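In what follows, a structure is listed as structure tokens, so that the remarks can point back to it.
The values are calculated or read from the model by the stated rules, or taken from the named source; none is laboratory data. Nothing here was measured: the structure is a model prediction, and the numbers come from that model. Here Cβ is always computed from backbone atoms with ideal geometry, including for glycine, and neighbour counts include all displayed protein chains.
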Amino acid sequence: MSESIYPPSPEFSSQANVPSMEAYEALYEKAREHPEAFWGELAEKELHWFEKWNHVFEWNPPFVKWFAGGKFNVSYNCLDRHLATPRKNKIAILWEGEPGDQRMISYQELHRLVSRFANVLKGLGYKAGDRSIIYMPMVPELPIAMLACARLGIIHSVVFGGFSAEALKARILDLEAQLVITADGGFRRGKEVRLKDAVDQALNDCPNVKDCIVLKRTNSQIHMQEGRDQWWHEIDKDASEDCPAVPLDAEHPLYVLYTSGTTGKPKGILHTSAGYLLQTTMTMKWVFDLKEEDTYWCTADIGWVTGHSYTVYGPLAAGATSVMYEGAPDYPAVDRFWRIVEKYRISILYTSPTAIRALLRQGDSWPNSHDLSSLRLLGSVGEPINPAAWEWYHRVIGKGRCPIVDTWWQTETGSIMIAPMPGAVPAKPGSGTLPMPGIIPEVVDFNGNPMGDGKEGFLIIRRPWPGMLRTIWGDPDRFKEQYWSRIPGIYFTGDAARRDSDGYFWILGRVDDVMNVSGHRLSTMEVESALVHHPAVAEAAVVGKPHEITGQAVCCFVTLKKGDWDHDQLGKDLRQWVAHEIGAFARPEEIRFAESLPKTRSGKIMRRLLREIVTTHTVTGDVTTLEDINVLSRLATQHDED
């Protein structure tokens with residue numbers, strides 16, 4: 001496949017926070033050569049401290065402490081420090097509900113609401129070190145609850161509102177939470193998602209939970225258990241608006257976020273305070289080129305790490321106007337995203353490749369019927385964006401003038417690790433480009449030896465960074481085993497990658513998303529990219545299928561753009577297309593056409609489940625994160641379209 005290069009425009013570079021490759025290289029070198037001085041200066045300049053730290057970092061692999069001894073509060077840094085500046089009247093959260101209701105909350109007002117709710121929690125006896133579960137729709141009270149917990153040092157865990165009662169219960173029990181903050185429900189595709197019902201079911205088996213605070217959002221009938229359940233509006237109405245932020249240790253736990261593990265038992269990824277906030281703040285400025293006047297929209301649900309770092313903590317610490325939207329991107333019509341961009345004059349849009357591909361599939365007429373001229377920067381997050389979707393995003397949404405920042409990072413890394421600085425780094429569609437300052441990634445073999453340019457290997461991070469996970473909640477042995485044992489003392493990302501001759505990183509998906517076909521190591525991502533270059537294909541997922549001759553054969557699940565397609569002929573065409581784009585050895589043995597693919601609620605395709613379908617025709621693994629369980633049964637019973 002040909003490799004296009006998109007340099008930043010002179011107009012964009014001239015006003016960018018990092019305006020040239022020379023400026024990027026100087027930052028990167030300084031962080032590499034003098035990490036303590038680099039991060040220490042930024043921490044002093046960018047954040048507010050009640051007391052300064054003793055050491056910038058202490059590294060005892062695999063455990064690290066950043067700014068230990070420093071006294072710090074995340075909520076203070078997101079709110080209070082802005083109140084002495086002109087930002088106090090700036091919109092902090094610009095919210096739209098799915099039914100169309102709106103709220104615009106200034107920094108001053110957000111500070112007032114957070115202080116009040118923190119006093120509610122304090123009045124119930126909660127203090128630093130206690131644990132709360134937040135299970136809410138995408139409404140402003142969700143970040144208010146997070147910031148109120150952070151204000152007092154209560155460790156919070158946000159559970160995505162689409163999770164079942166069973167998944168919620170597992171997280172409450174693992175965290176040993178004493179408090180649940182929820183709502184009667186939320187809105188999604190015009191229907192009510194009943195949250196309190198799931199909470200009631202979960203709490204039958206969670207004796208540790210003493211209090212459940214319920215926000216009224218949908219006004220539906222719900223059960224309220226006396227002595228445990230209280231309405232948010234009732235206990236909040238008389239609360240004092242004066243609640244000083246508690247000075248906490250820089251390493252005080254901020255939140256635990258659960259990700260599904262291969263074993264089915266959820267892993268609680270623990271992030272702490274100061275290092276995490278410093279890195280999310282800096283990446284807001286470096287990657288999104290944030291300006292005071294920007295209206296910034298990260299479309300991720302706050303139940304995922306992207307929503308924590310780039311809807312709540314990063315934007316508010318950096319003093320941005322952060323947009324939140326409650327509902328589905330295609331409700332009541334497939335142009336809801338573009339309506340929101342036009343209505344609020346959004347300048348920075350950060351969304352997932354899955355959303356981009358779904359919107360691409362609907363055709364150009366929907367975005368073209370809206371004025372998207374306010375956009376100046378586009379971002380992508382969640383998995384590598386295939387070049388065809390990148391080109392469409394650039395051409396149709398950005399009108400050829402908006403740089404695209406394709407960001408690679410993980411729940412575990414806390415913030416963006418590899419991405420272009422848009423005023424400095426030329427983009428290559430499909431590549432995350434270059435690492436952030438202070439991040440030392442490498443592509444290595446099984447023994448940790450560096451691979452040459454263009455060769456596939458395992459992506460590792462050589463050095464600790466401020467925003468990294470500190471442990472797995474309650475399971476330090478699993479933390480060591482999972483991330484630090486493959487190559488001792490080095491962070492193993494679990495992703496395959498290659499680095500090209502320009503030093504650009506190409507993420508090829510999870511290590512288990514690499515097939516071995518007749519001795520050729522072949523990335524599923526590479527075959528997927530080839531498929532979506534074909535004009536008929538909207539989305540593709542590729543898995544290896546056991547084959548007695550070649551070891552593995554290439555099996556492709558494909559969703560098509562709207563049109564009248566002859567599946568037999570198209571199957572032949574697509575096999576030939578992949579062989580032409582990559583090589584005859586990559587020719588798919590099987591093409592299955594599907595209406596939709598199994599995805600997590602954050603939009604990632606669950607290739608693990610597709611592998612089970614093609615190998616055993618059944619699914620036995622953990623499916624709690626799956627958005628639509630019916631997709632699996634349709635795929636499992638479907639006959640090959642050959």
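What the table below lists for this structure:
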| item | result |
| --- | --- |
| Some residue of segment 552-570 being farther than 28 Å from ILE356 by Cα and assigned by TED's automatic domain parsing to the domain that holds GLU528 | yes |
| Complete set of residues in segment 339-383 that are crowded, with 19+ Cβ neighbours inside 10 Å and of a type in the set (Ser, Thr, Tyr) | TYR344, SER347, TYR350, THR351, SER352, THR354, SER380 |
| Residue within segment 319-338 that is in contact (Cβ under 8 Å) with a residue 60 or more places away in the chain, within 13 Å of the chain's Cα centre (by Cα) and surrounded by 24 or more Cβ atoms within 10 Å (Cβ to Cβ) present | no |
| VAL139 vs. criteria of a type in the set (A, V, I, L, M), modelled with pLDDT under 95 and in contact with a Lys or Arg (Cβ under 8 Å, 6 or more places away or on another chain) | no |
| Matching residues in segment 109-139 - criterion: being over 28 Å from LEU83 (Cα atoms) and aromatic (Phe, Trp, Tyr) | TYR135 |
| Filtered residues of segment 458-482 (kept if part of a helix (DSSP H, G or I) and either charged (D, E, K, R) or modelled with pLDDT of 95 or more (or both)) | PRO476, ASP477, ARG478, PHE479, LYS480, GLU481 |
| Near pairs, Cβ below 6 angstrom, 6+ apart or cross-chain, from segment 487-513 (closer than 16 Å to PRO387 by Cα) to any residue that is assigned to a strand (DSSP E or B) and basic (Lys, Arg) | PHE505/ARG499; TRP506/ARG498 |
| Of the criteria (1) modelled with pLDDT of 95 or more; (2) more than 20 Å from the chain's Cα centre (by Cα), which one ALA165 fails | (1) |
| Any hit, segment 227-244, residues being more than 28 Å from ARG116 (Cα to Cα), surrounded by fewer than 23 Cβ atoms within 10 Å (Cβ to Cβ), small (Gly, Ala, Ser) and touching a Lys or Arg at 6+ places or on another chain (Cβ under 9 Å) | no |
| Members of segment 525-539 that are outside any helix (DSSP H, G or I) and either outside the structural domain of GLN569 (by TED's automatic domain parsing) or in contact with a helix residue (DSSP H, G or I) (Cβ under 7 Å, 6 or more places away or on another chain) (or both) | HIS533, HIS534, ALA536, VAL537, ALA538, GLU539 |
| Residues of segment 127-140 satisfying the condition of being over 21 Å from LYS169 (Cβ atoms) and either without any contact (Cβ under 8 Å) to a residue 40 or more places away in the chain or surrounded by fewer than 24 Cβ atoms within 10 Å (Cβ to Cβ) (or both) | LYS127, ALA128, GLY129, VAL139, PRO140 |
| Enumerated strands (runs of 3 or more DSSP E) restricted to segment 201-279, each holding at least 2 residues that are in contact with a Phe, Trp or Tyr (Cβ under 7 Å, 6 or more places away or on another chain), assigned by TED's automatic domain parsing to the domain that holds LEU113 and not acidic (Asp, Glu) | 211-215, 253-259, 267-272 |
| Residues located in segment 566-607, provided they are in a helix (DSSP H, G or I) and surrounded by fewer than 18 Cβ atoms within 10 Å (Cβ to Cβ) | HIS567, ASP568, GLN569, LYS572, ASP573, GLN576, ALA579, HIS580, GLU581, ALA584, PHE585 |
| Test set (1) modelled with pLDDT of 90 or more; (2) touching a strand residue (DSSP E or B) at 6+ places or on another chain (Cβ under 9 Å) - ALA553 fails condition number | (1) |
| Residue in segment 160-168 that is crowded, with 24+ Cβ neighbours inside 10 Å and under 17 Å from TYR76 (Cα atoms) present | no |
| Candidate set: segment 280-306, residues that are in a strand (DSSP E or B) and hydroxyl-bearing (Ser, Thr, Tyr); chosen: the one farthest from GLY379 (Cα to Cα) | THR295 |
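Rundown of residues vs (1) in contact (Cβ under 8 Å) with a residue 12 or more places away in the chain; (2) buried (at least 18 other Cβ atoms within 10 Å of the Cβ), yes/no style:
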| site | (1), (2) |
| --- | --- |
| PRO10 | no, no |
| GLU29 | no, no |
| GLU36 | yes, no |
| TRP39 | yes, yes |
| PHE72 | yes, yes |
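This table checks each residue for (1) buried (at least 20 other Cβ atoms within 10 Å of the Cβ); (2) at pLDDT 95 or above; (3) not hydroxyl-bearing (Ser, Thr, Tyr).
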residue: ASN208; (1), (2), (3): no, yes, yes
residue: VAL214; (1), (2), (3): yes, yes, yes
residue: TYR255; (1), (2), (3): yes, yes, no
residue: LYS291; (1), (2), (3): no, yes, yes
